[in-house]
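Enquirer: This is the structure I have questions about; it appears just below.
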Amino acid sequence: MTGARLAIKVDADTWMGTREGLPRLRDIFEARGIKASFFLSLGPDNSGRAALRVFTRPGFMSKMIRTRAPGAYGWRTLFFGTLLPAPIIAQGQGAVVRGLIESGHEVGLHAWDHVTWHDRLWKMTPGRIRAELKRGLEAFSALTGQPPRSFAAPAWRINLPAAVTLEKAGLVYMSATRGRCPYRPSFLGHALNLLEIPTTLPTADEILGRNGLKPDHLSVFFLGRITRPGLHVLTVHAEMEGRSLAPAFERLLDRCLDQDVALVRLIDVAHEILARPEDIPAAEVIRAMLPGRPGRVSYQAP
């Protein structure tokens with residue numbers, strides 16, 4: 001045994017990713033007996049508005065070209081919310097979500113309006129943040145029949161008003177930052193009693209096209225990091241690993257299984273950690289730049 005554990009966190013950002021990517025990923029996991037953690041965006045798919053990041057985020061255009069985003073996300077997605085009406089992602093997707101739950105996967109909340117959170121969170125008033133989360137929490141309960149136990153922040157962006165709202169909502173944990181290990185987050189010295197399990201590995205869209213790395217190289221790149229002892233959290237996207245990158249993702253999963261890497265759900269990891277609260281470290285949440293990702297993210301401070 002390698003002593004390595006891998007939690008796969010699937011973010012569904014768009015209508016297309018929810019409709020096409022989630023069922024394909026469910027089938028990929030089912031064929032291998034793997035259970036994963038899925039996080040859903042439920043409100044309007046305003047992906048077309050993300051194109052404005054070309055003017056506000058240095059490096060965004062190069063990322064789009066490097067990752068071949070138009071082909072991965074589909075051309076219709078890139079016009080939703082601008083030239084095309086923004087569809088409500090949750091509408092008509094009940095069967096997809098029920099299929100995930102019935103298959104034993106964890107399902108949590110990702111966002112109400114993914115683009116709004118991604119682009120405007122740090123400019124929102126606390127009241128607007130609470131309203132945004134309230135819509136997402138209510139939509140999740142309406143769709144699944146139960147409140148969410150977990151939350152994954154779009155673009156790994158979180159602040160104190162958002163975290164306090166999630167803490168009051170009674171979540172088991174959130175996965176809202178990038179970092180090294182699970183911890184209790186603090187914002188400008190304000191400590192929260194809410195477990196944070198950060199994403200520890202880079203994402204495919206951060207590394208593709210850099211240093212000549214192609215989809216065929218992904219399994220080698222990730223396996224060298226995943227087989228190290230300890231907990232690793234990999235975020236994948238329904239729009240990429242559930243569509244154009246599915247063959248590369250399947251190769252990675254098969255190699256992980258060959259190397260006896262234990263595949264786990266984040267909710268199970270959270271319960272294990274919370275059973276020993278005295279062992280949970282605390283860390284400040286800061287904002288940092290990551291290679292291959294335009295804009296800052298929330299990050300576990302040293």
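The values are calculated or read from the model by the stated rules, or taken from the named source; none is laboratory data. Bear in mind that the values here come from a model prediction, so they are computed numbers and not experimental data. With ideal geometry, Cβ positions are generated from the backbone for all residues, glycine too; neighbour counts draw on all protein chains shown. The accessibility values were calculated without ligands, DNA or RNA, using every heavy atom of the protein model including side chains. Shrake-Rupley method; radii C 1.70, N 1.55, O 1.52, S 1.80 Å.
Enquirer: Multiply the residue gap between Arg255 and Lys214 by 0.36 nm, knock off their C-alpha separation, and tell me the result in nm, one decimal place.
Expert: Extra length from Arg255 to Lys214 when fully extended: 13.0 nm.
Enquirer: With a 1.4 Å probe and all protein chains kept in place, how much accessible area does Thr125 have, in Å² rounded to the nearest 10?
Expert: Per-residue accessible area (Thr125): approximately 80 Å².
Enquirer: A follow-up question, please. Between [x] -0.44, -1.09; [y] -0.31, -1.07; [z] -0.36, -1.01, which entry matches log10 I(q)/I(0) by the Debye sum over Cα atoms at q = 0.08, 0.14 Å⁻¹ as derived from the coordinates of this structure?
Expert: [y]
Enquirer: Can you compute 3J(HN,Hα) from phi for each residue in the stretch 276-283, using the Karplus curve 6.51 cos²θ - 1.76 cosθ + 1.60 with θ = phi - 60°, rounded to whole Hz and x for Gly and Pro?
Expert: For the stretch 276-283, the Karplus curve yields 10, x, 5, 8, 7, x, 10, 8 Hz.
Enquirer: Additional query: For the stretch 286-292, just list the computed ³J(HN,Hα) in residue order, Karplus coefficients 6.51, -1.76 and 1.60, θ = phi - 60°, integers in Hz, with x standing in for Gly and Pro.
Expert: For the stretch 286-292, the Karplus-derived couplings read 10, 10, 8, 8, 10, x, x Hz, x marking Gly and Pro.
Enquirer: How long is the gain from Ser141 to Arg296 if the chain were fully straight, where each residue apart is worth 0.36 nm and the alpha carbon distance is subtracted?
Expert: 52.7 nm
Enquirer: From largest accessible area down, sort Asp268, Asp205; use a 1.4 Å probe on the protein chains.
Expert: Accessible-area ranking of Asp268, Asp205, largest first: Asp268, Asp205.
Enquirer: For the stretch 201-217, in order, what is each residue's ³J(HN,Hα) by Karplus, 6.51 cos²θ - 1.76 cosθ + 1.60 with θ = phi - 60°, in whole Hz (x at glycine and Pro)?
Expert: Each residue of the stretch 201-217 in turn: 10, x, 9, 4, 6, 7, 10, 4, x, 8, 6, x, 6, 10, x, 5, 8 Hz.
Enquirer: Taking only DSSP H segments of four or more residues, each worth -39500 (n - 2.57), what value at 222 nm results for the chain once the sum is divided by all its residues, to the nearest 500 deg cm²/dmol?
Expert: The per-residue figure over the chain is -10000 deg cm²/dmol.
Enquirer: Mind ranking Leu166, Leu263 by accessible surface for me, highest first, 1.4 Å probe?
Expert: Leu263, Leu166
Enquirer: Give the long-range amide H neighbours of Val107: residues separated by 5 or more places, or on another chain, with amide H under 5 Å away, using H modelled in the peptide plane at 1.01 Å from N.
Expert: Long-range HN contacts for Val107: Phe38.
Enquirer: If you don't mind, another one. Could you tell me the accessible area of Met16 in Å² (1.4 Å probe, neighbours in place), rounded to the nearest ten?
Expert: Near enough 20 Å² of accessible area.
Enquirer: Keeping every protein chain present and rolling a 1.4 Å probe, give me the accessible area per residue for the stretch 79-209 in Å².
Expert: About 38 Å² of surface per residue is accessible.
Enquirer: Top to bottom by accessible area (1.4 Å), largest first, where do Lys35, Lys214, Lys168 land?
Expert: Heavy-atom accessible area, descending, gives Lys168, Lys214, Lys35.
Enquirer: Using the Cβ atoms and a cut-off under 10 Å, what net charge is assigned to the surroundings of Ala191, where Lys and Arg are +1 and Asp and Glu are -1?
Expert: Value of the local net charge: 0.
Enquirer: Tell me, what is the 1.4 Å probe accessible area of Trp15, in Å² to the nearest 10?
Expert: Rounded to the nearest 10, the figure is 40 Å².
Enquirer: Net charge near Arg128: determine it from the other residues with C-beta under 12 Å of the C-beta of Arg128, scoring Lys and Arg +1 and Asp and Glu -1.
Expert: My count for the surroundings of Arg128 gives +3.
Enquirer: I've got another one for you. Between the stretch 228-302 and the stretch 101-134, what is the separation of their alpha carbon centroids in Å?
Expert: Between the Cα centres of the stretch 228-302 and the stretch 101-134 lies a distance of 19 Å.
Enquirer: For Ile158, list long-range residues whose amide hydrogen, built 1.01 Å from N in the peptide plane, is under 5 Å from its own amide hydrogen.
Expert: Ser298
Enquirer: Going by amide H atoms built from the backbone, whose H comes under 5 Å of the H on Ala86, apart from near neighbours?
Expert: Gly81
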